Amino acid sequence: MISVRGLYKRYHNHHGSDWVLKDINFDIPVGLNVGLVGKNGAGKSTLLRIIAGMDAPDKGTVTRNCRVSWPVGLSGGFNGSMTGRQNVKFVARVHGDEEKITQVIDFVEEFAEIGKAFDEPVKSYSSGMRSRLAFGLSLAFDFDVFLSDEATAVGDRAFKAKATKAFKGKVGQAGLIIVSHSEGILKDLCQAGIWLHDGGAIWFDDINEAIAAYHKSTD
């Protein structure tokens, strides 16, 4: 279960700032796939980062009674001076156990398909190579809930197909909270939906109803 209570978030600047999220309350049971919908700037990615524990609310709480992933495919957390292999080994030690480190490294090396670059500093990587490494690393662990922010929009056509297939396989074994501009992906993967609008969050038991509410607000 992921429980969000009385959550408020805004980003301060010298012009003053409105609440991006205000008084957000919902519960997501483990095993339920939920899509976050709303216009650009509605706070979808912000909410996802807060659920992941990568950002903190100004007020309120997020309770995670399960293992929650970082946003799948996120590539901003790598140490650029370390090689891909070293970065993967470090994360494996933090999130896994010593017995599985080799297994995680082997999986990421095979999945990312970046060849000899796996043993070169990440700062030398292209954005696509970083994304491949990040995607493989995200899928190397068995989380109870996976978070995804446009996760499958990485790499060339062949890698996107591979990533989508692998991602769907993981989602079939765990819960999912996803942000995507593709309504087809949301309808394909999610049962429920959360519509973010004017700082608030409205829960829908049916993802199609969440998408319909979003469409109505933009007409």
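The values are calculated or read from the model by the stated rules, or taken from the named source; none is laboratory data. Just so we're clear, the structure is a prediction, and the values are computed from it rather than from any experiment. Every residue, glycine among them, receives a Cβ derived from its backbone with ideal geometry; neighbour counts consider all protein chains shown.
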May I ask you to list the residues in region 77-126 that are in a loop (DSSP other than H, G, I, E, B) and of a type in the set (A, V, I, L, M, F, W, C)? PHE78, MET82, ILE114
Looking at region 63-76, which of the residues that are part of a strand (DSSP E or B) and surrounded by 19 or more Cβ atoms within 10 Å (Cβ to Cβ) is nearest to the chain's Cα centre (by Cα)? PRO71
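Among the helices (runs of 4 or more DSSP H) lying completely within region 132-219, list those that include at least 2 residues that are under 24 Å from ARG67 (Cβ atoms) and among the β-branched types (Val, Ile, Thr).
Qualifying helices (runs of 4 or more DSSP H): 157-171.
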Please determine, by comparing only the residues of region 200-219 that are under 19 Å from VAL4 (Cα atoms), among the small types (Gly, Ala, Ser) and out of contact with any Cys (no Cβ under 9 Å at 6 or more places or on another chain), which one is surrounded by the fewest Cβ atoms within 10 Å (Cβ to Cβ). GLY200
Kindly list the number of the only condition in (1) at pLDDT below 90; (2) closer than 26 Å to GLY6 by Cα that fails for HIS197. (1)
